[in-house]
Every structure is written in C-alpha cells, then in structure tokens.
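The values are calculated or read from the model by the stated rules, or taken from the named source; none is laboratory data. Since the structure is predicted, the reported quantities are computational estimates derived from the model, not experimental observations. Because the Cβ atoms are built from the backbone with ideal geometry, glycine has one as well, and the counts that use them run over all protein chains shown. Remember, those area values only see protein heavy atoms, side chains included, never the ligands or the DNA or RNA. Shrake-Rupley method; radii C 1.70, N 1.55, O 1.52, S 1.80 Å.
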Amino acid sequence: MKGGGIENPVFEPPSPDLGRQRQASPTEVDASVPAAEEGPCGWGRCAPKALQLCNNPEGYLAAYSLLAIFQGIVVNGLINISISTIEKRYELNSSLTGLISASYDIAFCILSLFVSYFGERGHKPRWLAFSAFMLGLGSLIFSLPHFSSGKYQYGAKLEDTCQVPGASSANFTCNASTKSSLPNYLYVFILGQLLLGVGGTPLYTLGTAFIDDSVPKHKSSLYIGIGYAMSLLGPAIGYVLGGQLLNIYIDIQIPERQDTTYTKMDQDDPRWLGAWWIAFVACCFAIWLLIIPFSCFPKHLPGTAKIQAEKISETHNDGSEVLVESKNIGKSFKDFPMALLILLKNPVLMSLIIASSSEALVATGFATFLPKFIENQFGKTSSFSATLGGLVLIPAAALGQIISGILVSKCKLDCKSIIKFMIGTCSVALLLNTVFLFAKCGNEPFAGVSETYNGTGTLYNLTAPCNANCGCLRSMYYPVCGRDEVQYFSPCFAGCSSHLFNNMKKMYHNCSCIGRPKRENDSEDFLFEAVPGKCPTRCKFLPLFMTFFFFTVVFTFMAVTPTTVAILRCVPDKQRSFALGVQSVFLRLLGTIPGPILFGVAIDNSCTLWDIDECNTKGACWVYDNERMAYLLMGISAACKIITIIFVVMAVYLYKPPPASAALSQKDSEMVSSI
C-alpha cells in the first residue's frame with residue numbers, strides 16, 4: 001500500500017537496547033521545545049475556551065485520524081477501483097493507467113527526505129493544514145476530466161446488425177477530426193496524483209512525529225497505532241463506497257434514444273461506465289474542512305517540554321552510533337550527506353529495505369489491478385470486482401500486520417529472530433502464490449479471437465466468410481452471446497440481420513455466423529439466435545482463488561511490521577526516523593512506482609483484442625488471454641518474493657548483535673528498573 005515505509009509502529013516490541021538507555025539532557029530538551037511555544041488552541045488572539053478542550057494529544061489524534069482516513073479513501077481506495085473505468089472512458093491502456101497510479105509515489109519519493117528534515121524544525125500542525133489543502137486540491141483536480149470531456153457517447157457509432165455491403169462504413173472514414181483527444185486527459189490525472197503525493201508526504205512523516213513528541217513514550221505506540229489503524233480503514237471505505245458508486249451511470253442519467261438500433265444499457269453491458277468521479281468531489285470538500293482544526297493547533301501541545309524532559313533515548317551499540325554521537329550528526333543541513341551515507345553503508349538496513357521494496361512492488365501492483373484481474377478472469381462487473389477486491393485486500397493486510405505485531409511482541413523476539421520470522425512468512429506467501437496455477441480460468445469462446453467461426457475464417461481475425469459482406473466496423477465493441485454459447489464482437493460480426501424486442505429485451509435473429517446450440521435437444525427452446533452482452537462465464541474458481549489469495553496477502557503483510565521493527569533496531573538511535581525516511585524513498589523507487597507500471601505492462605501483454613478506431617489508433621483492451629494474464633502475474637509475484645527471501649537471508653547473516661557485555665549490562669539495568 002501507499003506509505004508502506006512507516007507501517008504500524010504500535011507493534012514495536014521492547015527494544016533489546018534498554019540497558020544502554022540514557023536520560024536526555026533537560027537543557028537539550030528545553031532548547032528544542034521552549035515552553036513559550038506551547039500556546040493555546042486558536043488563531044492568534046482568537047482562542048475560544050471551547051477549543052482548549054481539543055488542545056491535547058487526543059484532540060490532535062482525532063484530526064490526524066480523520067485526515068489519514070480520507071487520504072486512504074482517495075489514494076488507496078477510489079483511485080484503484082476507478083482505474084478500469086478511466087481506461088475505457090479516456091481510451092488509455094493499462095501501462096498508462098499504471099503511470100497514473102505511480103505518480104503519487106513519485107511526488108512522495110521526491111519530497112519525503114526534505115519535508116521530514118526541514119519540517120522537524122517547523123510548525124508541524126500547520127504543515128498538516130497544508131497537507132489537507134493539497135490532498136483536497138489533488139482530489140478535485142483528479143475529477144476534472146469528467147466535467148470537461150463532455151457526455152459519455154456510448155452509442156454514437158453503434159454498429160448493430162448486418163447491413164447492405166458498404167452502407168455502414170461509408171460515413172466513418174479516417175480524418176484528423178475523428179481522432180480522439182480523450183487520451184490527453186492522462187496528464188490531468190497525473191497532475192492530480194502528484195498533488196495528492198505532495199499532500200500525503202507531511203501526513204506520514206511530520207504528522208506521526210508530532211504524535212511521538214506530544215505523548216509519553218509508553219503511550220506513543222498506542223497513539224500512533226490508532227492513527228495507522230484509521231489509515232487502514234480508509235482504503236476499505238474507498239473500495240466499498242467507490243464500488244457502489246460504479247452502479248450509478250457515469251452521467252447519472254442514462255440517455256434515452258428513439259432509434260431502435262440503440263438499447264438502454266445495464267451494468268452487464270461492456271459499454272457501461274460508472275460514476276467514478278462523485279466520491280472524489282465529495283472527498284475534496286470533506287478534506288478541506290480539516291484545514292480548520294490543524295490551523296488552530298499550537299506549535300507544541302501543552303506539556304510537551306515536560307514530556308520531552310522525561311523521555312529516555314535508546315541507543316544501539318555499533319560503530320555508526322559512536323560516529324553519530326562524536327560528531328553530533330543531524331543538527332544542521334550540512335550533516336545531511338554524512339547522515340545519509342552512514343545509513344547507506346549499513347548492509348543490514350539496505351538488505352531489509354530492498355526486501356521490503358520487492359514486497360511493495362507486488363502489493364501495489366495487486367492493489368491497483370486486482371479488481372481488473374477479477375473482472376476479466378472471472379467475468380464479473382467492475383462494481384462487483386472493485387468491492388470484492390477491497391473486502392479481501394484491506395482486511396487481509398490489516399490481519400497480517402496485527403498477527404505479526406502480536407507474535408513479535410509476545411515472544412519478545414530480538415532483532416535476529418525477527419528477521420528469521422520474516423523468512424518464514426515470506427516462504428509461506430511464496431507457496432500460496434501458486435494459486436494462480438490451479439485457480440485460473442480458461443478463455444471463453446470468442447469468435448475470431450479464441451476460436452474460428454464454425455470452422456471458417458482464422459484466429460485473431462474478426463472477419464470471416466459469413467460476415468464479409470456486412471461492412472462491419474471494429475471501432476465499437478458491442479458483444480452478443482450466441483445460442484451456440486460463443487461470444488461475438490457485435491451483432492454485425494455475428495451476421496445478424498434482424499432483431500426483435502421481447503419483454504424489453506433485445507434479441508437477434510437470422511445470424512449467419514452462429515451455429516446450432518451445443519445441446520441439440522434444446523434447439524426448440526431458443527427464441528433467439530443471439531442476445532446482447534457477454535456469455536456467462538463457466539469458470540467456478542472465484543471462491544477458491546479469493547480464499548487462497550486472502551491468505552497470501554495475510555502472510556505477505558505479516559512481514560511488514562517486523563521489517564519496520566528490525567530497521568528501527570539496526571540503526572543508531574538518532575537516525576531511526578531518518579532510516580524510515582530512507583526506506584520510504586527506496587520503497588517507492590524500487591517498489592510502489594514500478595509496481596503498477598510493471599503489472600500494467602504485463603496485463604497489456606496478455607491482450608488479444610484491442611479497441612481500434614477508424615484511424616487504426618489503439619485504445620483500451622477489450623478481451624484478454626486469461627491464462628497468459630494469470631501466468632504473467634504469478635511470475636512477477638513469485639520472482640519478487642524470491643528476491644525478498646534472498647535479501648532477508650542476507651540480513652540474517654550480515655547482522656552483528658551488540659557485544660555480550662552490553663547484553664549483561666542490559667539485564668542488570670532491567671533488574672534495577674524493576675526494583
């Protein structure tokens with residue numbers, strides 16, 4: 001998921017370095033958190049007494065949680081389930097929509113280190129007010145293409161029945177004016193995602209740090225855990241809400257047409273597009289309302305200076321800690337290169353970062369394209385696929401993190417044991433990944449794509465002797481299902497020359513390309529030769545696939561929290577926040593940015609029928625090779641998990657625990673503390 005570099009510190013177990021803790025200097029604390037900056041809640045001299053009830057960690061946590069929920073709804077929920085609809089509406093292929101998904105991480109990656117470095121010294125709540133403004137603006141920009149692209153013309157060029165030779169194609173010759181400008185809206189979607197990335201950066205760096213600054217150390221994990229739990233709730237709401245809105249027609253009201261060659265669409269019609277844009281507009285104004293509470297918080301909440309004075313700093317006894325302490329690295333911007341170099345030279349840290357980046361690649365790829373995979377593999381509607389994908393991905397991810405956090409905490413695992421635990425979870429996830437081998441669906445019969453026209457014509461050619469004189473257009477996809485249980489590109493390509501309406505349902509007759517029913521005894525029962533829509537899928541593997549995939553996600557995310565804990569333990573105490581920032585950058589460069597793009601290229605590579613207009617311009621894909629798609633996605637997932645296991649094993653062997661004397665000192669210190 002997005003923001004994967006800072007997951008759930010609520011589950012961080014007690015550090016093995018407690019024996020090397022030292023009391024923070026009150027002088028340092030007072031210098032960094034002056035009591036004068038613990039102002040009232042309000043705007044300048046306007047500080048109503050009612051607002052002071054919220055001038056505490058609980059009030060800030062409530063505002064932070066709401067912002068995290070809405071960020072998750074938009075970035076990890078609505079955008080992912082809208083991808084398939086945006087592809088069809090704006091004639092984009094999966095590679096380009098993968099670029100849209102990756103744009104958020106590009107902005108986050110560029111800004112993460114600098115925002116966390118400079119914002120540390122600034123007014124963090126006001127940074128979050130800026131975050132809310134940018135998230136709302138990005139959501140609004142992302143919805144703008146719907147308002148500027150005009151009404152969805154689903155039937156403007158609808159090719160219906162077989163016509164007199166040449167009659168249907170005479171009016172559709174290629175010229176410059178027929179070329180669509182819809183793909184140009186790609187840049188608007190990318191701009192919206194970049195703005196969302198700008199808004200998300202302070203939320204998951206400075207917003208979390210402000211919580212840690214404002215509460216005692218023993219409560220910090222609880223408060224941060226609540227905030228991150230809310231961020232997991234966001235995508236779940238986004239998937240369900242967005243999935244239900246896809247049941248509404250994209251322009252709200254389905255246009256009525258008098259011409260009998262046009263039929264009123266329903267959700268089973270492949271031309272159906274849902275109202276993907278409504279939730280983006282609503283979230284924009286809801287997020288902007290959160291600017292108000294964040295702008296009224298003081299730079300530090302009351303009592304912060306006292307809390308900081310009582311906190312103790314954990315240190316890790318290795319060579320880099322001595323260097324950081326002796327040179328006092330991190331006090332000014334000129335220390336930035338040295339601080340970064342120390343982390344980059346830590347082999348355990350870099351091994352864990354590469355391993356987590358490999359897992360992030362798979363996680364973001366499936367988060368983006370799982371609804372599309374379900375829709376095409378199992379013949380479901382985009383609305384049902386989006387809802388089902390959200391109901392599986394989000395609970396499984398949350399369950400995996402909770403289980404691993406409890407296990408690591410209860411068993412009190414040290415750093416090396418935590419890394420070994422990660423090897424086990426990744427290995428199980430790799431084995432479960434084989435679900436793609438036995439729960440995949442074969443290709444449904446499609447004339448001219450997966451099979452010929454009753455033995456005539458050739459594969460991958462929609463034209464055959466039975467429809468050669470119909471003058472059919474390939475520019476509009478309007479599938480029909482024949483009584484022979486074979487799908488045809490359109491009534492024209494099925495050779496149907498007439499149609500009738502039976503109970504408002506359109507039925508086609510006199511179809512020269514459609515053979516006899518597969519069950520000869522039922523030939524008299526058919527009142528039609530073809531009906532609009534895709535043929536019902538004969539694949540029954542959806543429950544099996546979703547069950548195995550659920551547990552694959554559970555074991556995949558069981559490695560997330562241990563990875564974060566291991567990273568926090570293997571770096572110097574003063575560089576732990578910076579280490580998470582470095583992980584966030586690598587996570588996006590190696591994982592969440594290329595993930596959707598790589599998955600999109602793989603899905604495009606499995607396409608067998610593209611939307612091609614009169615000018616031979618390629619648009620979205622209409623039909624995929626299901627087996628090829630399943631094998632490609634399994635191959636990418638398996639390869640990434642093998643890379644993860646290799647680097648986690650390397651981390652185990654490269655890790656050097658503190659000297660034994662330090663361990664004895666830790667036991668003595670724990671005994672004194674308990675007394």
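Pull up the range 109-125, narrow it to residues that are buried (at least 20 other Cβ atoms within 10 Å of the Cβ) and within 30 Å of Pro298 (Cβ to Cβ), then point me to the one that is nearest to the chain's Cα centre (by Cα). It would help to see each step written out before you state the result.
Narrowing the range 109-125 to residues buried (at least 20 other Cβ atoms within 10 Å of the Cβ): 109, 112, 115-116, 119, 124-125.
Then drop every residue that is not within 30 Å of Pro298 (Cβ to Cβ), which leaves 112, 115-116, 119, 124-125.
Numbers: Ser112: 19, Val115: 23, Ser116: 23, Gly119: 27, Lys124: 27, Pro125: 27 Å.
Step by step, filter the range 109-125, then rank; the result is Ser112.
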Problem set entry | First in the range 125-143 and touching a residue at least 24 places away in the same chain (Cβ under 8 Å), second anywhere and among the polar types (S, T, N, Q) and surrounded by fewer than 22 Cβ atoms within 10 Å (Cβ to Cβ), Cβ under 6 Å, 6 or more apart | Ala129/Ser295
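Is it true that some residue in the range 510-518 is at pLDDT 80 or above and out of contact with any Asp or Glu (no Cβ under 8 Å at 6 or more places or on another chain)?
Checked against the condition, which is being at pLDDT 80 or above and out of contact with any Asp or Glu (no Cβ under 8 Å at 6 or more places or on another chain), the range 510-518 yields at least one hit.
Report the residue count in the range 561-613 for those that are more than 15 Å from the chain's Cα centre (by Cα), part of a helix (DSSP H, G or I) and either more than 30 Å from Asn443 (Cβ to Cβ) or modelled with pLDDT under 85 (or both). Let's see the steps before the verdict.
Within the range 561-613, the subset more than 15 Å from the chain's Cα centre (by Cα) is 561-586, 589-590, 601-613.
Adding the requirement that they be part of a helix (DSSP H, G or I) leaves 561-569, 573-586, 589-590, 601-605.
In the following step, the residues that additionally are either more than 30 Å from Asn443 (Cβ to Cβ) or modelled with pLDDT under 85 (or both) were identified as 561-569, 573-586, 589-590.
Qualifying residue count for the region: 25.
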Seminar exercise, completed: From the option list Leu340, Leu388, Leu370, Leu399, single residue qualifying as farther than 29 Å from Met650 by Cα, open to solvent by 30 Å² or more (accessible area, probe 1.4 Å) and in a helix (DSSP H, G or I) is Leu388
Problem set entry | Long-range neighbours under 7 Å by Cβ, at least six apart or interchain, first residue free of Cβ contacts under 8 Å to residues at least 12 places away in the same chain within the range 474-493, second in a loop (DSSP other than H, G, I, E, B) | none
Seminar exercise, completed: Exactly one of Glu87, Glu58, Glu91 is touching a residue at least 24 places away in the same chain (Cβ under 8 Å) and open to solvent by 10 Å² or more (accessible area, probe 1.4 Å), and that residue is Glu91
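Has the range 614-622 got at least one residue that is in a helix (DSSP H, G or I) and open to solvent by 40 Å² or more (accessible area, probe 1.4 Å)?
no
Please verify whether Val428 is part of a helix (DSSP H, G or I) and buried (at least 19 other Cβ atoms within 10 Å of the Cβ), treating the condition exactly as stated. If you could, list the steps in order and put the result at the bottom.
Working: part of a helix (DSSP H, G or I): yes; buried (at least 19 other Cβ atoms within 10 Å of the Cβ): no.
Criteria not met by Val428.
Give the residue, chosen from Tyr239, Tyr262, that is in a loop (DSSP other than H, G, I, E, B) and at pLDDT below 85.
Exactly one residue qualifies, and that residue is Tyr262.
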Problem set entry | Those residues of the range 479-498 which are out of contact with any Phe, Trp or Tyr (no Cβ under 8 Å at 6 or more places or on another chain) and in a loop (DSSP other than H, G, I, E, B), in sequence order | Asp484, Glu485, Cys492, Phe493, Gly495
Seminar exercise, completed: With criteria (1) over 20 Å from Thr205 (Cα atoms); (2) under 20 Å from the mean Cα position of the chain (by Cα), Ile106 comes up short on (1)
Exercise. Is at least one residue of the range 446-464 of a type outside the set (Asp, Glu), free of Cβ contacts under 8 Å to residues at least 24 places away in the same chain and touching a Cys at 6+ places or on another chain (Cβ under 9 Å)?
Worked result: yes
Seminar exercise, completed: Inside the range 74-87, the number of residues satisfying the requirement of being among the hydrophobic types (A, V, I, L, M, F, W, C) and either under 17 Å from Asp604 (Cα atoms) or in contact with a Pro (Cβ under 7 Å, 6 or more places away or on another chain) (or both) is 3
For this session: Would you be able to say whether some residue in the range 126-145 is outside any helix (DSSP H, G or I), of a type in the set (Lys, Arg), out of contact with any Leu (no Cβ under 9 Å at 6 or more places or on another chain) and open to solvent by 10 Å² or more (accessible area, probe 1.4 Å)?
Result: no
Problem set entry | Positions within the range 433-463 being buried (at least 18 other Cβ atoms within 10 Å of the Cβ) and either assigned to a helix (DSSP H, G or I) or small (Gly, Ala, Ser) (or both), in sequence order | Val435, Phe436, Ala439, Ala447, Gly448, Ser450, Gly457
Problem set entry | Odd one out for Gly197 among (1) more than 30 Å from Ala530 (Cα to Cα); (2) at pLDDT 75 or above; (3) surrounded by fewer than 19 Cβ atoms within 10 Å (Cβ to Cβ) | (3)
